[in-house]
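Before any comments, here is the structure.
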Amino acid sequence: MLFYLTTLNLARFFQEDAPDLGENPDRQTVATMDAWKHSDFLCKNYILNGLDNVLYNVYSPMVNVKALWESLEKKYKTEDVGSKKFVVGKFLDFKMVDSKIVISQVQEFQLILHDIHAEGMVLGESFQVAALIENLPLTWKDFKNYLKHKRKEMKLEDLIVRLRIEEYNRQSEKKAEFCAIVLVHRVCNLECSYFKRIAVVSWETVVKNCQHRCGTNKS
């Protein structure tokens, strides 16, 4: 909106007051006043037409574009401060947990950083890297300490690549452990079934032998 009004040479009315006619204005002064009012009217309505209907009703009674612009600046600068506080709060409250995939949480962290930069706040890359390492979940304690003791500084993208590789390795190890447990379980079941069958055959053999020796066929 500001750029558009600047191209129309109307942005100056944000700061200009209406010209003073004086006690006995001449024809040129009156013409200048009329031209100023016309431009002020155009600028004011350009801005009002860009507002929501509810806001239009609130701001349309403003006497000139200067009062309108100052009122809008106060409103949105206050909201901007509130937005910055909200984003900073999200950054400070961010904490990774073991119940979620680490890389998905890293992406959440990147979105928060993007919002911080969009609000005009700057965080150095070294600070971003350190904050991400510090927020790693509890089960990543050893890997966190390993990263902390690295003397060579890392870029954020390099750190994310390392985290992705580490998570892939951890998932592969979990799958291998799970497969090993399943295999052991199956072997145990097979062995138990085998020994049960041997036990049954042996007992039946003993009973038959006893019946044969005693000369009876009772079971």
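No lab work stands behind these numbers, since they all come straight from the coordinates. Computed from a prediction, not measured in an experiment: that's the story for all the values here. Ideal geometry is used to build each Cβ from the backbone, glycine not excepted, and the neighbour counts take in all protein chains shown.
Details
- Proximal aspartates and glutamates relative to Lys66, as straight alpha-carbon distance under 13 Å, when same-chain residues fewer than 8 apart are discounted: Glu16, Asp17, Asp40
- Extension gain (nm, one decimal) between Glu73 and Glu125, 0.36 nm per residue minus Cα-Cα: 15.5 nm
- Burial ranking of peptide ranges 64-70, 148-154, 121-127 (average Cβ count within 10 Å, highest at the top): 64-70, 121-127, 148-154
- Approximating the spin labels as points 7 Å out from Cα along Cα→Cβ, the Arg151-to-Glu108 distance works out to 3.6 nm.
- Förster radius 30 Å - calculated FRET efficiency between Asn57 and Lys37 (Cβ-Cβ, nearest 0.05): 0.85
- Peptides ranked, highest mean first, by Cβ atoms within 10 Å: ranges 112-120, 91-99: 112-120, 91-99
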